[in-house]
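Heads up, the thing below is written out as structure tokens.
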Amino acid sequence: MCSDLAQEHIANPRNPGPLSGATHKGVSGIPGEGPYMILWLLVQGGAIVRAAFQTYGCAAAVAAGSITTVLLTGPYGFKTGPSSRPYG
């Protein structure tokens, strides 16, 4: 059973990817071996201004990706540090 919040994100995922113009990309998992997720970020001026995800997994993975992108870019969005390196 999932929380009401998770059920809402499963039914209506926020920020599906890919994200055009992304400056950073992260990958979790191995394709074909369980849940697999790609997370794209657009970082400008030391702040994450946009985020998107794509997952190949269960409904809980969809909720996790969707909620993560909202938390990264919401009013409490994350700032990047000196170790942040662009991909590409």
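All of the numbers you see were taken from the coordinates with simple rules; none came from a lab. Computed from a predicted model, the values in this text were never measured in an experiment. For neighbour counting, all protein chains shown are included, and Cβ atoms are generated from backbone atoms with ideal geometry for every residue, glycine included.
Placing unit charges on each Cβ (+1 for Lys and Arg, -1 for Asp and Glu) gives the chain a dipole about its Cα centre, and among His24, Trp40, Leu71 the Cα reaching farthest toward its positive end belongs to His24. To the nearest ten degrees, helix 59-73 and the longest principal axis of the Cα atoms of the chain are 30 degrees apart.
When the alpha carbon gyration tensor of the chain is reduced to an equivalent ellipsoid, its three semi-axes come out at 23, 16, 10 angstrom, largest first. Summary of packing: across the peptides 34-40, 18-24, the per-residue average of other C-beta atoms within 10 Å ranks them, highest first, as 34-40, 18-24. Using r as the Cβ-Cβ distance of Val49 and Met1, and R0 as 22 Å, what FRET efficiency do you calculate, to the nearest 0.05? That gives a FRET efficiency of 0.05.
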